[in-house]
Amino acid sequence: MNNTGLVLALLLLGVSTPHVFAALTMDQMRNAAKMIRNVCQPKTGVATELIDQISEGVFDEENRDLKCYIKCAMQMMQSMGSNGKLRPDAAISQAKKMLPIEIRDAMIAGIDTCRNVDKENPGLDPCDLALVATKCVYNHTKDVFLFP
């Protein structure tokens, strides 16, 4: 099974059997993040250094590859639809089921706070919107923020 299939299978298992599976551990989160990176980085060609800086709140706002990497990752995490629209309710639902307990509440609050960034920034293409949304969540969850 390729990485995309594995990630989708894990997500489907988490969605279809919420009472069987507990949230992921931090180690499992890091492994899932690696799978997302292994899919999205080759698609966009973004440099590893730029991806690594996301979790530190450093965003190269001029780098189109980075913005589209963020979009790809958000789509894999189901927080952005294939139509380029934000899906905050789906993101919160996934967070409740999948995020480790030590970061769950803060991340859910950050996602909820940023749920309307698309309406506050009309006309953005999906890659630009992904960057704006991710920066917003980072700004509200700096102590616990993780990004693949």
Which number in (1) hydrophobic (A, V, I, L, M, F, W, C); (2) more than 14 Å from the chain's Cα centre (by Cα); (3) surrounded by fewer than 17 Cβ atoms within 10 Å (Cβ to Cβ) marks the one condition that Ala90 misses? (2)
Looking only at helices (runs of 4 or more DSSP H) that fall completely inside the stretch 76-148, which ones have 3 or more residues that are in contact (Cβ under 8 Å) with a residue 60 or more places away in the chain? 88-98, 101-113, 126-140
Could we say that Glu49 is surrounded by fewer than 16 Cβ atoms within 10 Å (Cβ to Cβ) and either among the aromatic types (Phe, Trp, Tyr) or over 16 Å from the mean Cα position of the chain (by Cα) (or both) here? yes
Unique residue being over 19 Å from Ala33 (Cα atoms), among the hydrophobic types (A, V, I, L, M, F, W, C) and crowded, with 18+ Cβ neighbours inside 10 Å when the list is Cys114, Cys68, Cys72: Cys114
Could you say which residue among Asp27, Asp60, Asp65 is touching a residue at least 12 places away in the same chain (Cβ under 8 Å), of a type in the set (Asp, Glu) and more than 23 Å from Lys119 (Cβ to Cβ)? Asp65
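Read-outs: derived from the displayed coordinates by stated rules, not from any lab. These figures come from a predicted structure and were not determined experimentally. FYI the Cβ positions are ideal-geometry reconstructions off the backbone, even for glycines, and counts take in every protein chain you see.
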